[in-house]
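Notes follow once the structure below has been shown.
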Amino acid sequence: MTDVRSARPAPDVRIERADFADPALLAFLQAHLDDMAPTAPPESQHALDAAELQRPGARLWVARAEGAIVGTVALAALAPGHEELKSMRTDPALRGAGVGGRMLRHALEDAAARGVGRVSLETGAQDFFAPARALYAKHGFVACPPFGDYWDDPNSAFMTLDLAAR
């Protein structure tokens, strides 16, 4: 059986650093928070808002196709040499078309170029997040215990990637 989503052609995507003065970015980030709202109780939702993504140690990129934002990905510093993947979102109309993989590779290449040795992430444990977990596993992420300020939460799945071992 063919996954219809993977048969979609990948759009021509340009990845660039985010411009927080762009109202389209703020709307895209809010849509991400809105998507997460029904998936778990508030204490189990860990998506960052625009203000948190502008803190020191955070880096946010947008993917654009034909001028429109079609994805976001961020890295946030946890400790020296260890960063967290955050705000990974693809426009729902383009999920499965390769945008997420391009953004993930871009963020990991940036981290490696800056000498980051480990990238970890928290995502949902629910079925809604199964495609995201599969994407992360395809790129070498493996399950790990909670890290940073996270706790053992049945609504969360934790994964990590040792960039030095790639």
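The values are calculated or read from the model by the stated rules, or taken from the named source; none is laboratory data. None of these values were measured; they are calculated from a predicted model. Cβ: placed from backbone, ideal geometry, glycine included. Neighbour counts: every protein chain shown. With ligands, DNA and RNA removed, areas are computed over all heavy atoms of the protein, side chains included. Shrake-Rupley method; radii C 1.70, N 1.55, O 1.52, S 1.80 Å.
Residues in the stretch 94-106 that are within 11 Å of residue 71 (Cα to Cα), open to solvent by 40 Å² or more (accessible area, probe 1.4 Å) and out of contact with any Lys or Arg (no Cβ under 9 Å at 6 or more places or on another chain): 102 alone. I need the full set of residues from the stretch 83-93 which are open to solvent by less than 40 Å² (accessible area, probe 1.4 Å), without any contact (Cβ under 8 Å) to a residue 60 or more places away in the chain and at negative phi, in order please. Once the filter is applied, which keeps residues that are open to solvent by less than 40 Å² (accessible area, probe 1.4 Å), without any contact (Cβ under 8 Å) to a residue 60 or more places away in the chain and at negative phi, the stretch 83-93 yields 83, 85, 86, 88, 90. Of everything in the stretch 34-65 that is part of a helix (DSSP H, G or I), open to solvent by less than 30 Å² (accessible area, probe 1.4 Å) and modelled with pLDDT of 70 or more, the residue that is farthest from residue 147 (Cα to Cα) is 50. The set of residues in the stretch 102-160 that are under 28 Å from residue 12 (Cβ atoms) and acidic (Asp, Glu) comprises 109, 110. Looking at 76, 112, 68, just one residue is in contact with a Lys or Arg (Cβ under 7 Å, 6 or more places away or on another chain) and either over 20 Å from residue 166 (Cα atoms) or open to solvent by 40 Å² or more (accessible area, probe 1.4 Å) (or both), and that residue is 76. Candidates are the residues of the stretch 118-133 that are over 13 Å from the mean Cα position of the chain (by Cα) and among the small types (Gly, Ala, Ser); the one that is nearest to residue 105 (Cα to Cα) is 130. In this structure, residue 74 does not satisfy being closer than 19 Å to residue 29 by Cβ and assigned to a helix (DSSP H, G or I).
A count restricted to the stretch 145-166 and to residues that are open to solvent by 30 Å² or more (accessible area, probe 1.4 Å) and without any contact (Cβ under 8 Å) to a residue 60 or more places away in the chain stands at 10.
What about residue 140, is it farther than 20 Å from residue 54 by Cα and either touching a strand residue (DSSP E or B) at 6+ places or on another chain (Cβ under 8 Å) or small (Gly, Ala, Ser) (or both)? When the stated conditions are applied, residue 140 passes them. Would it be correct to say that residue 16 is in a helix (DSSP H, G or I) and either at pLDDT 95 or above or open to solvent by 60 Å² or more (accessible area, probe 1.4 Å) (or both)? Here the answer is no, as residue 16 does not meet what is asked.
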